[in-house]
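Laboratory data are not the source of any read-out in this text; all were calculated from the coordinates shown. Being a predicted model, the structure only gives us computed values, none of them experimental. Heads up, the Cβs are rebuilt from the backbone with ideal geometry, glycines too, and the neighbour counts pull from every protein chain shown.
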């Protein structure tokens, strides 16, 4: 059975940036779940957690972060 990956993305409203972006999304959790009876393996070092993705809408910021995570997961398979 292949490993599964679990992730969480948080979003928050920020002061508007020069490009018009009003929201930021951060990947706050990314772990490899090897299956039952195994420990979750954190995949983001502490300095990488919090990489920010900006968007003019909350949905845009979230979508950018999610696309980046999904691309990374696809590269691991």
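A Gaussian network model of the chain, with springs between Cα atoms under 10 Å, assigns the largest mean-square fluctuation among 42, 18, 34 to 18. Summarising the label geometry, the points placed 7 Å from Cα in the beta-carbon direction at residue 38 and residue 8 lie 2.2 nm from one another.
When shorter helices are ignored and each DSSP H run of at least 4 residues is given -39500 (n - 2.57), the per-residue value for the chain at 222 nm works out to -8500 deg cm²/dmol. For the chain, averaging the sequence separation of C-alpha pairs within contact (under 8 Å, six or more residues apart) and dividing by the residue count gives a relative contact order of 31 percent.
Neighbour counts of C-beta atoms inside 10 Å place 24, 31 in the sequence 31, 24, starting with the fewest.
Between 0 and 90 degrees, rounded to the nearest ten: what's the tilt of helix 58-76 against the longest Cα principal axis of the chain? It works out to around 30 degrees.
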